[in-house]
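Everything below concerns the one structure shown next.
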């Protein structure tokens with residue numbers, strides 16, 4: 001793997017700045033995170049991109065930035081800065097579009113993270129340089145890139161079907177597929193040279209997407225993590241809980257205005273009330 005270039009470093013810096021802003025300002029985070037209803041109903045398509053510069057916590061952010069630092073240099077150095085950006089944002093938007101497809105009936109579903117874009121870079125690297133080794137932090141060995149790709153695809157499919165969290169495994173899978181396709185369009189010779197590796201990774205991804213479209217009822221399974229943590233807590237339950245919690249907070253603010261007046265509101269309360277009013281229009 002090659003050290004990251006100037007564009008990779010700039011993207012890391014932007015992710016750090018915007019993610020920190022999101023950590024310290026929940027209203028900022030909510031305004032720019034990926035959320036199905038806000039995109040499909042309110043037409044806030046910018047969230048497909050802005051959500052890729054937010055993260056749900058420091059561990060999520062640091063892991064993604066280490067991955068971007070490790071893999072971005074190979075693409076940026078060999079293909080150039082412009083093509084690197086094309087692959088990065090193709091993976092980011094492609095991951096978001098797959099999330100919309102999967103969760104199109106779950107209006108309250110939300111997620112954040114640069115994982116789709118970074119997976120696009122990682123899998124573009126695997127498609128173009130399948131002989132590369134993928135190392136693990138602190139361990140004295142690496143595994144072939146093609147094997148890493150297969151394992152990652154299987155893990156992402158498991159993560160999508162178990163509804164583990166809001167990190168967005170579907171964005172990982174969508175970003176990986178679109179990033180790989182973008183790289184092959186930019187470097188078509190690699191499709192002929194590395195076709196076995198590419199097919200081994202792409203076939204299960206495409207098959208899973210087909211299954212989602214044709215048989216959406218098979219999306220959620222009762223796997224071990226789901227049994228342990230979620231029990232009967234569905235996506236619809238989480239959606240309703242989030243809506244109820246928001247309404248309770250709005251009711252509290254309105255009650256505060258009734259008792260103490262508008263001047264008693266904090267800045268965050270004013271912003272929440274303003275955002276709520278905008279959504280009600």
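Determine, yes or no, whether residue 90 is part of a helix (DSSP H, G or I), in contact (Cβ under 8 Å) with a residue 40 or more places away in the chain and in contact with a strand residue (DSSP E or B) (Cβ under 6 Å, 6 or more places away or on another chain). Even if it seems obvious, please write down each step before you answer.
Working: part of a helix (DSSP H, G or I): yes; in contact (Cβ under 8 Å) with a residue 40 or more places away in the chain: yes; in contact with a strand residue (DSSP E or B) (Cβ under 6 Å, 6 or more places away or on another chain): no.
Judged against the criteria, residue 90 is not a match.
Each row is one residue, and each column tells you yes or no for (1) in contact with a strand residue (DSSP E or B) (Cβ under 9 Å, 6 or more places away or on another chain); (2) outside any loop (DSSP other than H, G, I, E, B); (3) under 28 Å from residue 129 (Cβ atoms).
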| site | (1), (2), (3) |
| --- | --- |
| 28 | no, yes, no |
| 51 | yes, yes, no |
| 63 | no, yes, yes |
| 69 | no, yes, yes |
| 72 | no, yes, yes |
| 86 | no, yes, yes |
| 106 | no, no, no |
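Being within 30 Å of residue 177 (Cβ to Cβ), at pLDDT 70 or above, in contact with a helix residue (DSSP H, G or I) (Cβ under 9 Å, 6 or more places away or on another chain) and in a helix (DSSP H, G or I) is true of residue 209. Scoring residue 79 on the criteria (1) in contact (Cβ under 8 Å) with a residue 24 or more places away in the chain; (2) closer than 17 Å to residue 179 by Cα; (3) surrounded by fewer than 16 Cβ atoms within 10 Å (Cβ to Cβ) leaves a single failure, condition (3).
Of the set (1) at pLDDT below 75; (2) closer than 30 Å to residue 127 by Cα; (3) surrounded by 13 or more Cβ atoms within 10 Å (Cβ to Cβ), all apply to residue 190 but (1). May I ask you to verify whether residue 63 is in the same structural domain as residue 13 (by TED's automatic domain parsing), touching a helix residue (DSSP H, G or I) at 6+ places or on another chain (Cβ under 8 Å) and within 25 Å of residue 152 (Cβ to Cβ)? So residue 63 does not fit the description; no.
Farther than 21 Å from residue 122 by Cβ, in the same structural domain as residue 106 (by TED's automatic domain parsing) and crowded, with 18+ Cβ neighbours inside 10 Å: does that describe residue 34? Answer is no for this residue.
Looking at this structure, is residue 49 surrounded by fewer than 21 Cβ atoms within 10 Å (Cβ to Cβ) and either without any contact (Cβ under 8 Å) to a residue 24 or more places away in the chain or not assigned by TED's automatic domain parsing to the domain that holds residue 123 (or both)? Taking the combined requirement at face value, the residue does not satisfy it.
The values are calculated or read from the model by the stated rules, or taken from the named source; none is laboratory data. Computed from a predicted structure; not experimentally measured. Note: ideal-geometry Cβ built from the backbone for every residue, glycine included; neighbour counts use all protein chains shown.
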